[in-house]
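Enquirer: I'd like to ask some things about the structure below.
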Amino acid sequence: MNKVTATPLPIKAAGDSCIGVDRMRRERGGYGMQQSYAGYGLERGRAKELLKECRAGKHSDLLRAAAQQAEPGIAEWVVLSVAEGKSLHDMEIKWELGETEIMPCCRNSFYAYRKLTLAILDRMLGGKDAV
């Protein structure tokens with residue numbers, strides 16, 4: 001039986017800032033991390049449609065562009081989550097096994113930027129200017 005030794009993930013101290021949190025607070029006029037899809041100008045049903053389309057391989061170039069616009073520092077993880085249905089927990093397992101780098105943001109920021117990416121993608125598909 002092989003024993004897997006994982007290096008513990010660093011724990012953020014209270015007051016440590018996640019990537020982009022201050023920027024998102026300014027842009028969203030408040031904290032915005034727990035915002036629903038509606039807070040990003042997107043209905044939940046439309047978000048589900050976009051997720052289904054992206055997981056079917058549609059909109060891949062636009063998805064990458066939307067993720068870059070939302071937050072370049074975590075764009076690759078957001079694309080992986082949306083296109084392949086990976087949760088943050090799924091990706092954390094890969095980090096613990098040393099298969100990928102640790103994402104430079106917290107859970108709340110990740111899911112907020114994921115929602116923002118979908119809202120930007122929806123605007124791009126509708127021919128409107130992105131956020």
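The values are calculated or read from the model by the stated rules, or taken from the named source; none is laboratory data. Because the structure is a prediction, the values reported are computed rather than measured. Quick reminder, even Gly has a Cβ in these numbers, built from the backbone with ideal geometry, and neighbours come from all protein chains shown. Accessible surface areas use protein heavy atoms only, side chains included; no ligands, DNA or RNA. Shrake-Rupley method; radii C 1.70, N 1.55, O 1.52, S 1.80 Å.
Enquirer: Report, by residue number, each residue of segment 83-131 that is touching a Leu at 6+ places or on another chain (Cβ under 7 Å), of a type in the set (Lys, Arg) and in contact (Cβ under 8 Å) with a residue 12 or more places away in the chain.
Expert: Matches in segment 83-131: 107 only.
Enquirer: Which one of these does residue 80 not meet: (1) within 24 Å of residue 45 (Cβ to Cβ); (2) touching a residue at least 60 places away in the same chain (Cβ under 8 Å); (3) open to solvent by 40 Å² or more (accessible area, probe 1.4 Å)?
Expert: Only one criterion is unmet by residue 80, namely (2).
Enquirer: Out of the helices (runs of 4 or more DSSP H) lying entirely within segment 1-73, which hold 1 or more residues that are within 25 Å of residue 93 (Cβ to Cβ) and at pLDDT 55 or above? Break it down stepwise before answering.
Expert: On the way: elements: 21-28, 44-55, 60-70.
Those helices (runs of 4 or more DSSP H) span 44-55, 60-70.
Enquirer: A further question on this structure: With (1) open to solvent by less than 60 Å² (accessible area, probe 1.4 Å); (2) of a type in the set (Asp, Glu); (3) closer than 19 Å to residue 120 by Cβ as the list, and residue 92 as the residue in question, which single condition is left unmet?
Expert: Of everything listed in (1) open to solvent by less than 60 Å² (accessible area, probe 1.4 Å); (2) of a type in the set (Asp, Glu); (3) closer than 19 Å to residue 120 by Cβ, residue 92 misses just condition (3).
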